[in-house]
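The values are calculated or read from the model by the stated rules, or taken from the named source; none is laboratory data. This one's a predicted model, so the numbers in the text were calculated from it and none came from an experiment. Neighbour counts are summed over all protein chains in view; Cβ atoms, including those assigned to glycine, are modelled from backbone coordinates with ideal geometry.
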Amino acid sequence: MLKTLVIFYSFEGNTKFIAQTIAEKLGADILELKPEEEIKTKGFMKYVWGGSQVVMGKMPKLKPFDKDPQDYDLLIIGTPVWAWTYTPPLNTFFNTTKIVGKKIALFSCHGGQNAKTFEKMEKALQGNEIIARQDFFEPLRDKEGNRKKVLSWIDAIINQNLP
Ligand SMILES: Cc1cc2nc3c(=O)[nH]c(=O)nc-3n(C[C@H](O)[C@H](O)[C@H](O)COP(=O)(O)O)c2cc1C
């Protein structure tokens, strides 16, 4: 069995729901990236604030964490899509954490457009093998449907990787 770490950031719970479903299914460890300062705005201003963080290439300081990706064989990394790409906490993580020689599966949650998210994550994760990608449309709006979708995605990953 591949030793697996599920790494994610979630602002409003969609990505967390998918990450927890994966971790439970695999009995995997989980690493939730938490910025020291989280967005305080709700409503429309959250898009302005979050979107500008992405566009400015911000790397918000993360709360300390005790998992090292290099201790694992498989990393499953998830993010919401913000401004057509991955979120600032992932930007911090990719730039401050050693991740090389790993098998990696990527997932995203979005409101309709996955856009450049995986392409840009792959660029940030050069030196690793990206073995799978899957996006989810607002999973909390259809928890049961998306639970099934993520579990069959995980089955495909496991079958691909186990002898
Ligand atoms: C700041 C911000 C920017 C967003 N930008 C996009 C986008 O470019 N494309 C898209 O499809 N959804 C966009 N969304 C919607 C989220 O990706 C979507 O609601 C996702 O499921 C949220 O995941 P979470 O609940 O884990 O935070 C954006 C949401 C926020 C808050």
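Only residues that are touching a residue at least 60 places away in the same chain (Cβ under 8 Å), among the aliphatic types (A, V, I, L, M) and under 15 Å from V54 (Cα atoms) were counted across region 88-145, and they come to 1. Within region 67-84, is even one residue without any contact (Cβ under 8 Å) to a residue 60 or more places away in the chain, over 23 Å from Q126 (Cα atoms) and of a type in the set (D, E, K, R)? No, the conditions are met nowhere in region 67-84. Go through region 14-35 residue by residue and tally those that are over 17 Å from Y86 (Cβ atoms), touching a Leu at 6+ places or on another chain (Cβ under 7 Å) and part of a loop (DSSP other than H, G, I, E, B). Qualifying residue count for the region: 1.
Determine which member of the set K63, K103 is crowded, with 17+ Cβ neighbours inside 10 Å and either out of contact with any Ser or Thr (no Cβ under 7 Å at 6 or more places or on another chain) or among the polar types (S, T, N, Q) (or both).
The match here is K103.
Of all the criteria given as (1) within 16 Å of the ligand (Cβ to nearest atom); (2) more than 24 Å from K148 (Cβ to Cβ), the one not satisfied by Q134 is (2). Each residue in region 58-113 was checked for being hydroxyl-bearing (S, T, Y) and touching a Pro at 6+ places or on another chain (Cβ under 9 Å), and 6 of them qualify.
When region 1-13 is filtered for residues that are assigned to a loop (DSSP other than H, G, I, E, B) and more than 9 Å from the ligand (Cβ to nearest atom), the ones remaining, listed by number, are M1, L2, K3. Of all the residues in region 25-40, those that are at pLDDT 95 or above and over 15 Å from F107 (Cβ atoms) number 5. Out of G43, G78, one residue alone is in contact with a strand residue (DSSP E or B) (Cβ under 8 Å, 6 or more places away or on another chain), within 11 Å of the ligand (Cβ to nearest atom) and not aliphatic (A, V, I, L, M). It is G78. Of all residues in region 152-163, those that are part of a helix (DSSP H, G or I) have Cβ atoms under 8 Å from Cβ atoms of residues that are aromatic (F, W, Y) and at pLDDT 95 or above, 6 or more apart or on another chain, in W153/F107. Checked against (1) among the basic types (K, R); (2) at pLDDT 95 or above; (3) in a helix (DSSP H, G or I), K46 passes all but a single condition, namely (2).
Scanning region 93-118 for residues that are more than 14 Å from the ligand (Cβ to nearest atom) and either of a type in the set (A, V, I, L, M, F, W, C) or within 29 Å of K143 (Cβ to Cβ) (or both) yields F93, F94, I99, V100, K103, I104, A105, L106. The set of residues from region 125-135 being outside any strand (DSSP E or B) and either surrounded by 14 or more Cβ atoms within 10 Å (Cβ to Cβ) or touching a Ser or Thr at 6+ places or on another chain (Cβ under 7 Å) (or both) comprises L125, N128. Confirm whether F93 is modelled with pLDDT of 95 or more, outside any strand (DSSP E or B) and surrounded by 21 or more Cβ atoms within 10 Å (Cβ to Cβ). When the stated conditions are applied, F93 passes them.
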